[in-house]
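Participant: Structure provided below as structure tokens; questions to follow.
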Amino acid sequence: MTQTQKPSLIGETRQGLAARLRALDLPEREIKMRVAQLWNWIYFHGARDFDAMLNVSKMLRARLAEHYTLERPEIVSEQVSNDGTRKWLIRLRPVDAHDKGAEIECVYIPEEDRGTLCVSSQVGCTLTCTFCHTGTQRLVRNLTAQEIVAQLVVARDRLGDFPGLTPPTDGLIPKGDGVRAVSNVVFMGMGEPLYNLDHVSDALGVLSDGEGLSLSRRRITVSTSGVVPQIGELGARTGAMLAISLHAVRDDLRDKLVPLNKKYPIAELLQACRDYPGASNARRITFEYVMLKEINDSDADARELVRLLKGVPAKINLIPFNPWPGAPYECSDWERIEKFSDIVFNAGYASPVRTPRGRDILAACGQLKSETEKLRARARLAAQ
Ligand code: SF4
């Protein structure tokens, strides 16, 4: 079996690792301990080779290496913005003999005291929000929980964020005692996470496990365009922080910007937010609002936004629109953004404007897209 054909253990859940060990006929009494050992090596140490696992017997290490790998998805390209933001084009491991490996984009946004990784949950997207570059890429497939987790493992490798690794010298890396290069994860990359809830939930379990990658659930935010029936379930199953891609305060306009609104209009969406498990003033829901010139940026829109969110433990992120090739919108003028944010600020919402990051490398919000297209059935058949 070639290295590429061997299943990788990177991104596996505890149950998944146990199943892999059982497949090697390990005695049941050993499984829990072996899972704990592998977990520590893979997610705390970032091991890339079974031989590094010194508290695992030589024989078991050899058997693991014979059947499995610790191979990560491949970084095809890395772009570093002049503001320190990094964008990686990542090629996933092939899912079958005909698959060359789908490609996704993943973005790292460093600040002095923290680093945020923006991960993808789908190749392409189920939805077609008209301000979003990913919305122009048809859904190819959902990512598995492993592929979602692997984005953090790849990032920590590249940023020297596992014990014994050296951080890169190009670009900004947060420093300070106990500060991890990746301290926050946001599901704001390619795809609608709530149309892949099972894998997103499993991935969140691995990301937040305190004996491995150890990200606090308060530092993991899942952003949705408003798949109302899944919102409560997300909260109940994962305890993740919630972000809503709102972008309009009237249904007729949101139907155009976020077509999913036709299925789940604003009133239903806000009710799901009011009912979100764990939401409180200490755990506010983030409402994202892209600033589109003369589309959704009037004073009346700002006042209506404030009115709509009354009684919801909310914070607002105004996102200056990030242009992409062929985009049908322009970014609001800065004076307009400031006027809009003043209205929101005076209503009690602190620092609403999100600073655009990585625009020069098409890494900013709504700019992600990969070239992977769904292999049409005919093409796949032709390839056989
Ligand atoms: S905003 Fe999100 S849900 Fe909408 S098209 Fe873009 S990636 Fe998909």
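The values are calculated or read from the model by the stated rules, or taken from the named source; none is laboratory data. No experiment lies behind these values; they were computed from the predicted model shown. Positions of Cβ are backbone-derived with ideal geometry, glycine not excepted, and every protein chain shown enters the neighbour counts. All accessible areas refer to the heavy atoms of the entire protein, side chains included, with ligands and DNA or RNA removed. Shrake-Rupley method; radii C 1.70, N 1.55, O 1.52, S 1.80 Å.
Participant: Report, ordered by the first and then the second residue, all pairs with beta carbons closer than 9 Å, sequence separation of six or more or different chains, a first member in the range 46-62 that is not assigned by TED's automatic domain parsing to the domain that holds residue 165, and a second member that is part of a loop (DSSP other than H, G, I, E, B) and hydroxyl-bearing (Ser, Thr, Tyr).
Facilitator: Final answer for the pair search is 50/68.
Participant: Okay, next question. Name the single residue that is nearest to the ligand (Cβ to nearest atom) among those in the range 130-145 being closer than 18 Å to residue 322 by Cβ and open to solvent by 20 Å² or more (accessible area, probe 1.4 Å).
Facilitator: Filtering first and then ranking leaves 132.
Participant: Continuing with the same structure: Residues of the range 92-124 being more than 22 Å from residue 197 (Cβ to Cβ) and either more than 16 Å from the chain's Cα centre (by Cα) or part of a loop (DSSP other than H, G, I, E, B) (or both), which ones?
Facilitator: 93, 94, 96, 97, 98, 99, 100, 101, 111, 112, 113, 114
Participant: Only one of (1) at pLDDT below 95; (2) more than 26 Å from residue 120 (Cα to Cα) fails for residue 357. Which number is that?
Facilitator: Of the numbered conditions (1) at pLDDT below 95; (2) more than 26 Å from residue 120 (Cα to Cα), the odd one out for residue 357 is (2).
Participant: Output the residues belonging to the range 251-262 that are within 14 Å of the ligand (Cβ to nearest atom) and either open to solvent by less than 30 Å² (accessible area, probe 1.4 Å) or not assigned by TED's automatic domain parsing to the domain that holds residue 317 (or both).
Facilitator: If the condition is that a residue be within 14 Å of the ligand (Cβ to nearest atom) and either open to solvent by less than 30 Å² (accessible area, probe 1.4 Å) or not assigned by TED's automatic domain parsing to the domain that holds residue 317 (or both), then 254, 257, 258, 260, 261 are the ones that fit.
Participant: Next question. Within the range 174-190, track down each residue that is closer than 27 Å to residue 133 by Cα, open to solvent by less than 20 Å² (accessible area, probe 1.4 Å) and not in a strand (DSSP E or B).
Facilitator: Once the filter is applied, which keeps residues that are closer than 27 Å to residue 133 by Cα, open to solvent by less than 20 Å² (accessible area, probe 1.4 Å) and not in a strand (DSSP E or B), the range 174-190 yields 182, 183, 189, 190.
Participant: Take the range 191-212 and flag every residue that is part of a loop (DSSP other than H, G, I, E, B) and more than 13 Å from the chain's Cα centre (by Cα).
Facilitator: The answer is 208, 209, 210, 211, 212.
Participant: Oh, and also: Scan the range 216-230 for residues that are in contact (Cβ under 8 Å) with a residue 40 or more places away in the chain and open to solvent by less than 60 Å² (accessible area, probe 1.4 Å) and report the count.
Facilitator: 5
Participant: Kindly indicate whether any position in the range 275-282 is within 23 Å of residue 118 (Cβ to Cβ) and open to solvent by 20 Å² or more (accessible area, probe 1.4 Å).
Facilitator: Yes, the range 275-282 contains a residue that is within 23 Å of residue 118 (Cβ to Cβ) and open to solvent by 20 Å² or more (accessible area, probe 1.4 Å).
Participant: Is the range 150-165 home to any residue that is assigned to a helix (DSSP H, G or I), open to solvent by less than 30 Å² (accessible area, probe 1.4 Å) and within 12 Å of the ligand (Cβ to nearest atom)?
Facilitator: No, that holds for no residue.
Participant: Check whether at least one residue in the range 192-202 is open to solvent by 50 Å² or more (accessible area, probe 1.4 Å), within 16 Å of the ligand (Cβ to nearest atom) and hydrophobic (A, V, I, L, M, F, W, C), and report yes or no.
Facilitator: Within the range 192-202 (the criterion being open to solvent by 50 Å² or more (accessible area, probe 1.4 Å), within 16 Å of the ligand (Cβ to nearest atom) and hydrophobic (A, V, I, L, M, F, W, C)), the answer is no, since none of the residues qualifies.
Participant: Considering 260, 253, which residue is part of a helix (DSSP H, G or I) and free of Cβ contacts under 8 Å to residues at least 60 places away in the same chain?
Facilitator: It is 253.
Participant: A further question follows. If you go through the range 138-147 one residue at a time, do you hit one that is assigned to a loop (DSSP other than H, G, I, E, B), assigned by TED's automatic domain parsing to the domain that holds residue 356 and not hydrophobic (A, V, I, L, M, F, W, C)?
Facilitator: Within the range 138-147, one or more residues are assigned to a loop (DSSP other than H, G, I, E, B), assigned by TED's automatic domain parsing to the domain that holds residue 356 and not hydrophobic (A, V, I, L, M, F, W, C).
Results for (1) outside any loop (DSSP other than H, G, I, E, B); (2) over 27 Å from residue 15 (Cα atoms); (3) open to solvent by less than 10 Å² (accessible area, probe 1.4 Å), shown as yes or no for each residue.
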{"position": "214", "(1), (2), (3)": "no, no, no"}
{"position": "232", "(1), (2), (3)": "yes, no, no"}
{"position": "249", "(1), (2), (3)": "no, yes, no"}
{"position": "264", "(1), (2), (3)": "no, yes, no"}
{"position": "267", "(1), (2), (3)": "yes, yes, no"}
{"position": "294", "(1), (2), (3)": "no, yes, no"}
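Participant: I've got another one for you. Quick check on the range 67-77. Is at least one of its residues away from the ligand (no atom under 16 Å from the Cβ) and part of a helix (DSSP H, G or I)?
Facilitator: yes
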